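The values are calculated or read from the model by the stated rules, or taken from the named source; none is laboratory data. Note that the structure is predicted; figures quoted are calculated from it, not measured. Please note: Cβ atoms are built from the backbone with ideal geometry, for glycine as well, and neighbour counts cover all protein chains shown. Only protein heavy atoms, including side chains, enter the accessible area calculation; ligands, DNA and RNA are left aside. Shrake-Rupley method; radii C 1.70, N 1.55, O 1.52, S 1.80 Å.
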Amino acid sequence: MGFGALQLILLLMSFIHAGLTQERPKPVMKVTPDQRVFRGETVTLTCYIQRAGNTQWRYSWFKDGYTHHPFTTSTTAEYSFRADYVSYSGVKYSCRGERSDSQRSDISAAVTLTVSGE
């Protein structure tokens, strides 16, 4: 292997390393109306990918760390449900985005819902 081939291999390895060490975007989750709700209220979770630009993301939702809802496609994803049971109280929700090129974001910080009776 000549000197030129070795330089080429080192250059390619540096590109691979740079691609693997890119910082993943961090999603932020917003809860509407608030993290404290009354039984029967509709809760909307919204997942924002920071620095998303015009990139199209698919979102997955997690309930207590387990995949909860199928992917939806949107640059701002929303997941709504009715807090019918006080047992929703204490449940932790989080989200993650994935692009069409298979790049994934980190998982958002968990949001804990508190549901009070009537």
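Tally up the residues in the range 84-118 that are part of a loop (DSSP other than H, G, I, E, B), open to solvent by less than 50 Å² (accessible area, probe 1.4 Å) and either of a type in the set (Val, Ile, Thr) or over 14 Å from residue 32 (Cα atoms) (or both), please.
Taking the range 84-118 as the starting set, the residues that turn out to be part of a loop (DSSP other than H, G, I, E, B) are 84-85, 89-91, 100-103, 105-110, 113, 117-118.
Imposing the further condition that a residue be open to solvent by less than 50 Å² (accessible area, probe 1.4 Å) reduces the set to 89-91, 103, 105, 108, 113, 117.
After this cut, where a residue has to be either of a type in the set (Val, Ile, Thr) or over 14 Å from residue 32 (Cα atoms) (or both) as well, the list is 89-91, 103, 105, 108, 117.
Qualifying residue count for the region: 7.
Could you tell me which residue of the range 61-83 is least open to solvent (accessible area, probe 1.4 Å), considering only residues that are out of contact with any Cys (no Cβ under 9 Å at 6 or more places or on another chain) and modelled with pLDDT of 85 or more?
83
Cβ-Cβ distance below 8 Å, separation of 6 or more or different chains: which pairs start in the range 22-43 with a residue that is farther than 20 Å from residue 77 by Cα and open to solvent by less than 90 Å² (accessible area, probe 1.4 Å) and end on one that is in a strand (DSSP E or B) and not acidic (Asp, Glu)?
These pairs meet every condition: 37/43; 37/114; 37/115; 37/116; 40/82.
Which pairs turn up if I take residues in the range 93-118 that are in contact (Cβ under 8 Å) with a residue 40 or more places away in the chain and over 11 Å from residue 62 (Cα atoms) and look for partners that are part of a loop (DSSP other than H, G, I, E, B) and of a type in the set (Phe, Trp, Tyr) with beta carbon separation below 8 Å, at least 6 apart in sequence or on another chain?
That search, which allows pairs on different chains as well, returns 115/85.
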